[in-house]
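The values are calculated or read from the model by the stated rules, or taken from the named source; none is laboratory data. Given the structure is predicted, the values throughout are model-derived calculations rather than measurements. Glycine gets a Cβ as well: all are built from the backbone with ideal geometry, and neighbour counts include every protein chain shown.
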Amino acid sequence: MPLSAQPPASGERYALSASLDNARHLSSLLRAVHFQDHATCLATASGLRVTVEDAKCIQANAFIQAEIFQEFSVQEESVMFRISLSVLLDCLTIFGTSSLPGTSTALRMCYRGYGYPLMLFLEEGGVVTVCKINTQEPDELLDFDFCSTKVVNKIILQSEGLREAFAELDMTSEVLQITMSPDKPYFRLSTFGNAGSAHLDYPRDSDLMEAFHCSQTQTNRYKISLLKPSTKALALSCKVSIRTDAQGFLSLQYMIRNEDGQICFVEYYCCPDENITEAEL
Amino acid sequence: MKCVIAGGNVKVLGRAVHSLSRIGDELYLEPTESGLSLRAVNSSRSGFASFLFAPLFFQLYEPGSAGPETELFRCKVHMKSFLGIFRSLPSLEKSVGKCLILLKPRASRLVLQLHCKYGVTKTHNLAFQECERLQAVFDTQSCTSHLCAPARLLAEAVVHFPPTLAEVTLGTGPGGKISLRNYVEDEAEPSKTMVTELWLAEDEFQSVAVAPGSHITFCLKEFRGLLSFAEASNLPLTIHFDEPGRPVIFTLDDTVLEVHLVLATLSDLQSNSQSPSTNGVSHLPAPSDDFADDLESYMVAMETSEGGSERPPSPTFPLRAPQPAQSEPEEEEEEEGAVPGTPPHKKFRSLFFGSVMTPGRPGPATTQEVLAEDSEGES
């Protein structure tokens, strides 16, 4: 590591210390979940998970596994803190977002423990920036209790097929309706806007369809404003897995390949829109 | 009404919608026996465009059945929602294989279905409004002047004008040249005004039959919309016009497509009232061989009447070469210390539309004025 302003000597005790020779691997994933200002970070031996939530209805997780880092050590079983994601991203991209080919920002990240700031040492072209970001009390996170055994329908699509659909979503519609079915229309996205309704159908034998495991017909509605931020992750991803459980909870898993060919995942969970007629009954 | 559009023609339809979206906020769909007509009119009713796609344009075309008493069903939809479907022309070309348009009066829905690559189907159910027939009254035959040029020539000419420019003047010059210049508002400050003028040689055009000395001023925005369509379709554009104040008609003709754009033109003070109220223009030279001078002195007359200056325009002006830049300092002097006079009224004559009007009748552009007159000029 070409870090000249010596970061802490290795003898010092840090709850979390990690180094990464290209900070963009981290910043691009964080940007994929950056729809709220604050994020909760959880570091365990397997890696770093950054969680962002909104309206108690949507949760986004970016997983950066330990292997992505050149060095990753966690002294305790798990280390958790809340941090301003906007500030963290600003610091990570302090040398600019568009790096020239061949140049990259190296990162060393240290966290002494509860109450201490997160320290970032960023180096590019011999210039070192040291950032200290205050950490906050971690939030209690939503537990969607979404486990793979309870999944009713699952579809894996090439992201290319969804990108255009999400870019063209009729934002005058309050909801996005997702239909998954073993029979026609198989997989349908619908909006109901001012101008009328629009349906987008993907046949199960489409070349975009990597996997199709639907056991029963399900139609659920999700707030379009909640799902729209997931477009950021969709833009980066190569494949997306769309799953629903019996209650209609939605899981969108995006597989993201970075410049070095390593694979990371970003996951969005979303609550279904409550069906008013059912609630009234 | 049911029609199916295949392959590359979907993009042509998309481009037509883009072009129509420059005109108005509503898109009129009119299925007829001779094809599907898409029309739009602007809010001040001074601009109208129609695209008639012949049945051969479609893979399948069923205009629906009209009873002996009833006419074929027509409707209008929000331009925005229709345009949204065709927004991205490159992706339209790349991914759409087939487009199906269904007009279901019973279900009150206009259905547009795009069959895309990978078997993906996009179905849009649009709300529509029943409407009367939209028809501008114009007659290309009665126009005294006709110009035909490759769209590219005109597109490359108008690209020199700033995007914010509202109106452009098309005129004739010496040696059969055709000029295009930005129209300068009467109350524009000469010191802050830039005049751009282009001369196009006669041999650049496919045909030129213009009344000598004629010139018309029309809106550029709508014209640009049509030009981009014409250029992309590689079709020659014909311009039919008459005296100022009479509508100008732009047409594109193809075996499967017929396009008309009708725009109101700015009425000419001199030709409307032979004795302008202000001084200094009475010695306006009669049309001579040097028509550029005529145009030039016309512009001078405009400037003079605007400033309300007591000083008559320099008699040397009409003899000057048509270089607007030269006359600017002189006009600027006139402007200073000038007493604000009555602003000349700038009027676009409206095109008269009516549901009962039959097309092709040489309807006079009546004196109904739609665009508001200019308010008091500030000097």
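What to note about this one:
- The set of residues in the stretch B:128-167 that are within 27 Å of B:F205 (Cα to Cα) and charged (D, E, K, R) comprises B:D139, B:R152, B:E156, B:E167.
- Matching residues in the stretch A:187-205 - criterion: being surrounded by fewer than 21 Cβ atoms within 10 Å (Cβ to Cβ) and more than 28 Å from B:Q129 (Cα to Cα): A:P203, A:R204, A:D205
- Residue ranges of helices (runs of 4 or more DSSP H) in the stretch A:126-238 with at least 1 members touching a residue at least 40 places away in the same chain (Cβ under 8 Å) and within 14 Å of chain B (Cβ to nearest Cβ): A:159-167
- Restricted to the stretch B:79-194, the set of helices (runs of 4 or more DSSP H) holding at least 1 residues that are more than 14 Å from chain A (Cβ to nearest Cβ), in contact with a helix residue (DSSP H, G or I) (Cβ under 7 Å, 6 or more places away or on another chain) and buried (at least 16 other Cβ atoms within 10 Å of the Cβ) comprises B:151-158.
- Restricting B:L56, B:L38, B:L72 to those that are away from chain A (no Cβ under 14 Å), under 28 Å from B:T121 (Cβ atoms) and touching a Phe, Trp or Tyr at 6+ places or on another chain (Cβ under 6 Å) reduces the list to B:L38.
- Each residue in the stretch B:195-219 was checked for being touching a residue at least 40 places away in the same chain (Cβ under 8 Å), assigned to a loop (DSSP other than H, G, I, E, B) and hydrophobic (A, V, I, L, M, F, W, C), and 4 pass.
- Yes/no for B:V210 being in contact with a strand residue (DSSP E or B) (Cβ under 9 Å, 6 or more places away or on another chain) and farther than 30 Å from B:G14 by Cα: yes
- The stretch A:236-262, residues that are surrounded by 13 or more Cβ atoms within 10 Å (Cβ to Cβ), at pLDDT below 95 and touching a Lys or Arg at 6+ places or on another chain (Cβ under 7 Å): A:D245
- A:E267, sole failed condition from (1) buried (at least 19 other Cβ atoms within 10 Å of the Cβ); (2) closer than 30 Å to A:T103 by Cβ; (3) not β-branched (V, I, T): (2)
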